[in-house]
Amino acid sequence: MNVLHQKSTRPRAVLAFLVAGCALALGGCDKQAPKTSLGEKVDSAVTTTKEAAADAKAKTEAGAASAGSSMKQGAAEATQAVKDAGSSVSAKVDDAAITASVSAGLAKDPDLSAVKINVDTKGGAVTLNGPAPTAAAKARAEDIAKGVEGVSSVDNKLEVKM
């Protein structure tokens, strides 16, 4: 029985030794950081909050400035696009009015009213295509077109057909 008793005390001794070593190790780790007071914690939190707020303010102002600049540029581009579109529409309306006036003038002429003359206008430049009964009628057609307000030039491509 002695032999059994010796074997069973040895693991207990090793276990006791390990527990004591762990207790000493944990006791050495028990050093705490210096305690901060409640006021110091509040001051630190306030400082951190102020820094975060200042950073957020700076980022917001930078973003607003960038957005404002982009909006101004977009508005300027939109204004120019509207002006360009207005000019284009105005030019097309003017060209259509010129074409109608030239056609009406040609219809009033007794020699030209019976023939089909095609009148095209682009940017105030009038082009006449089709038949003309005489050279004099061809010249009168050009004079009629030149007499219309807004006409910058006349390309008379009428062909004299006898």
* Asked: Glu77 is checked against (1) open to solvent by 70 Å² or more (accessible area, probe 1.4 Å); (2) at pLDDT 75 or above; (3) more than 30 Å from Gly124 (Cα to Cα) and fails just one. What number does that condition carry?
  -> (3)
* Does the range 96-113 hold any residues that are open to solvent by 60 Å² or more (accessible area, probe 1.4 Å) and part of a loop (DSSP other than H, G, I, E, B), and which are they? -> Pro110, Asp111, Ser113
* Which of (1) basic (Lys, Arg); (2) surrounded by 12 or more Cβ atoms within 10 Å (Cβ to Cβ); (3) over 43 Å from the mean Cα position of the chain (by Cα) does Lys116 not meet, given it meets every other one? -> (2)
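The values are calculated or read from the model by the stated rules, or taken from the named source; none is laboratory data. Bear in mind the structure is a predicted one, so any value in this text is a computation, not a measurement. As a convention, Cβ positions derive from the backbone with ideal geometry for all residues, glycine included, and neighbour counts pool all protein chains shown. Just the protein is used for accessible areas: all its heavy atoms, side chains included, with ligands, DNA and RNA removed. Shrake-Rupley method; radii C 1.70, N 1.55, O 1.52, S 1.80 Å.
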